[in-house]
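Working notes, structure below.
The values are calculated or read from the model by the stated rules, or taken from the named source; none is laboratory data. Bear in mind the structure is a predicted one, so any value in this text is a computation, not a measurement. Cβ atoms come from the backbone with ideal geometry, glycine included; neighbour counts cover every protein chain shown.
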Amino acid sequence: MNIWSYVVRRLLYTVPIILGVCLIIFIIFNLSGYDPAQILLGKHATAKQIAEVRAELGLDKPLIEQYFDIVKSAFTFDFGRSWASKQDIIEMIKEGAIPSLTLTFPAFIISTVISILLSLLVAFFRGTFLDKSVVIKCVGMMSIPSLAYILFFQWFFAYKMG
């Protein structure tokens, strides 16, 4: 089997995954009992205003048509506009990508360097006490949820370092 058939097969696996995720989100959204038009307009909205906003959001269409609209938007990366800020969601993602990458990329580089150094250390001292202790500490550190690290470093940098 060559690499291209493997890549194509993997890409085809994403289709049912996207369909399933869209279906789960759609079901949860519709079972929640909330009317987005009512939430957007507030308590004092008239029935006519709510109907207009429901039509604008496409919530007056049959459920199957709403689902296919969601699937189409997922495959075309047309996520629409935010209900709260009225901004294009793709623009909001673009705005947040640079700050996120600014934090993520250095963390990735640092963790990769540390991983390589620890791997070399463990390989060099294979079978010794140092090997076993480093492996146990690494497994222990991996078993701690990421949120615990986030909270610790927020506390450390904000409180302890001022």
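Tabulated values for the structure
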quantity: Matching residues in region 119-162 - criterion: being in a helix (DSSP H, G or I) and of a type in the set (F, W, Y); calculated: F124, F129, Y149, F152, F153, W155, F156, F157, Y159
quantity: Those residues of region 134-146 which are farther than 15 Å from S115 by Cα and at pLDDT 90 or above, in sequence order; calculated: S143, I144, P145
quantity: Whichever residue in region 94-111 is under 17 Å from the mean Cα position of the chain (by Cα) and of a type in the set (A, V, I, L, M, F, W, C) and, among such residues, is nearest to D78 (Cα to Cα); calculated: A97
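Okay, residues lined up against (1) farther than 30 Å from L12 by Cα; (2) touching a residue at least 24 places away in the same chain (Cβ under 8 Å); (3) touching a strand residue (DSSP E or B) at 6+ places or on another chain (Cβ under 9 Å):
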position	(1), (2), (3)
I27	no, no, no
V53	yes, no, no
F68	no, no, no
V71	no, yes, no
I90	no, no, no
